[in-house]
Amino acid sequence: MRGRSESSSAGKALILSDGKPGHRNQAVALARHLGLSFDAAEVHFCCRPAKAISYLLDRFGFYLSGLFSLSTSDADQYCALIAAGSESYYAAKTLGRKYGIPAAAVMLPRGYRYDFDLIVAPAHDRPPAGECIRTVPVNPCWVEPAGLVHIPPDEHLVSLIIGGSNQVYDLRVESLRPVVEEVFLTFPGHRIMAATSRRTPPEIDAMLRSYPFARLFLYSENPINPIPDFLALSDYVFLTADSTSMISEAVSFGAAKVEVIPLPSRRAPGKFARLIDQLEAMDCLHVYDGTIGEAGKKVKLGDYLQGIRLCG
C-alpha cells in the first residue's frame, strides 16, 4: 500500500460519503472493524457530466480534483480514505494519489479500475478475484443497541422489521398481513414489536396499527431506529427481503433466529436473491414459507477482515 504523508493523523481515517446513509454506514462499519477512528466528509461531482468523465479519466490514469467538491480541505491530515458509493470512488483515488494516502472502497466500485489499496465487497456484488479485493458474505455493518427497547428478563421478544418497495420488490398489504397474523398466532407468550423504515408506505403503517403490538415504531411518525435493540433482545426476527443492509445486520449480531419475508418482485431479484440464497445455505436465515425455521448462525465479519492494515 502507498505510504501516507508525514502530516497525516495516525490511526484516523477520512470517510468520503456520497450523502446516502446506507453507504456511509458501510464505510463507518469498515473503519470500526479495522480499529480506526474517523471523520466524515461529503463529496459530490461538480456537475452531472463529471461522473461520466471520471470513468474515462480513471481508465487512462488521470485524476483531477476539479471534478468534485469536498466538504473539508484537510484530507491530507488522515492516514487513510474510505469511500462508499459511486460519487466517492474517483475522489478517493484522486486524493489518495495526491497525498500519498491509502484509498479503500466499500462495495464494488463498478466502472472504475479495481486498483484501490483495498476493496471490501459483499459476495452478492460478484467481485472478481484480486490482490486488493476482500470478499465478505454480507454488507459491512456495525450494530450498536441504543437502549430504545427494554423487556423484563423473564419475558421473550419477537420482532418484525418492515422495509418498503424499491426497484426490485413491491411491498403490499396482502403480502405482509398473513405473516403478521402468523407471528401473533405462533408466539402468544412473547412480546411482539415492529418497526418500519423511511420507505414503508402509508397503507402498511395503517395495517400494522390494527394489531396489538407491545410497541410499534413507525418511522413516519418518529424517525428512530430500534433495529439494533431488536437484534440484541429478540428470539426471532422477521424482516422483509427488500434491504441487503437490514439482512446483513440481522445475520451479524445478536442471537435471534432470522426469518426473511419474501415479497412480490417487479424484476429478477439479482443481488437480493444471491445474498438470501447464500445466507440460507449458511444456515443464517430461513425464507418464510408458511413455516418457521431454526436458522440463527451469525456471520463474524471480523474474521473476514483479519490482516487488513490501512494505517501504520
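The values are calculated or read from the model by the stated rules, or taken from the named source; none is laboratory data. Model, not experiment: these values are computed from the prediction. Positions of Cβ are generated from backbone atoms using ideal geometry, with glycine treated the same way; all protein chains shown enter the neighbour counts. For the accessible areas, the whole protein counts, side chains as well, though only heavy atoms, and no ligand, DNA or RNA atoms are used. Shrake-Rupley method; radii C 1.70, N 1.55, O 1.52, S 1.80 Å.
Here are the numbers:
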read-out	value
Listed residues Asn222, Asn139, Asn166, most fluctuating in the chain (Gaussian network, C-alpha, under 10 Å)	Asn222
Mean shadow area of the stretch 1-145 over all directions, Cα convex hull, nm²	8.5
Degrees separating the helix 173-186 axis from the principal Cα axis of the chain, which is the longest one	60
Counted charge near Gln306, where neighbours are those whose Cβ lies closer than 13 Å (Asp, Glu -1; Lys, Arg +1)	+2
Assigned charges on the beta-carbon of Lys, Arg, Asp, Glu; the chain dipole about Cα centre (debye)	1140
Sites Ser175 and Arg274, calculated FRET efficiency, Cβ-Cβ separation with R0 25 Å, nearest 0.05	0.70
Förster-model FRET efficiency, 35 Å R0, His150 and Arg267, C-beta, rounded to 0.05	0.25
Nearest-ten-degree value, helix 21-33 long axis tilted from longest Cα axis of the chain	80
Share of alpha-carbon pairs per 10 Å distance bin for the stretch 251-312, given as whole %	20, 41, 25, 11, 3, 0
Degrees between helix 89-99 axis and first principal axis of the chain (Cα, 0 to 90, nearest 10)	40
Virtual spin-label span in nm between Lys98 and Val287, 7 Å along Cα→Cβ	4.7
Simple Cβ-charge dipole of the stretch 191-233, Lys/Arg +1 and Asp/Glu -1, about Cα centre, in debye nearest 20	60
Approximate spin-label separation Phe60-Asn225, in nm, with each point projected 7 Å along Cα-to-Cβ	4.1
Å² of accessible area per residue within the stretch 92-172, as computed with a 1.4 Å probe and no ligands counted	39
Listed values (1) 0.98; (2) 1.01; (3) 0.96, entry calculated as Rg/Rh (Cα atoms, Kirkwood Rh)	(2)
GluC sites (Glu not before Pro) restricted to the stretch 134-210 and DSSP loop, no more than 15 other C-beta within 10 Å	Glu155
Calculated diffusion of the stretch 92-154, Stokes-Einstein form, Kirkwood radius summed over Cα pairs, 37 °C and 0.692 mPa s, µm²/s	234
Loop-resident sites, the stretch 164-211, for trypsin sites (Lys or Arg not before Pro), counting at most 11 other Cβ within 10 Å (DSSP)	Arg198
Gaussian network model of the chain, Cα within-10 Å springs - most flexible of Pro178, Pro140, Pro226	Pro178
Positive dipole terminus of the stretch 1-128, leading residue within Leu67, His124, Pro109 (C-beta point charges)	His124
Cα-Cα over 28 Å, subset of Lys12/Lys300; Lys98/Lys271; Lys20/Lys98; Lys12/Lys271	Lys98/Lys271; Lys12/Lys271
Efficiency of FRET from Cβ geometry, Ser73 and Ile53, R₀ 22 Å, rounded to 0.05	0.45
Residue-averaged [θ]222 nm for the chain, counting only DSSP H segments that reach four residues, each worth -39500 (n - 2.57)	-8000 deg cm²/dmol
Among Val258, Val237, Val143, residue whose mean-square fluctuation peaks in a GNM of the chain (springs only between Cα atoms under 10 Å)	Val143
Accessible surface ranking that places the most exposed of His156, His23 first, with a 1.4 angstrom probe	His156, His23
Kirkwood hydrodynamic radius (C-alpha pairs) into Stokes-Einstein, the stretch 14-91, 25 °C and 0.890 mPa s, D in µm²/s	190
Charged-residue dipole, Cβ positions (Lys, Arg, Asp, Glu), the stretch 204-257 about Cα centre, Debye nearest 20	120
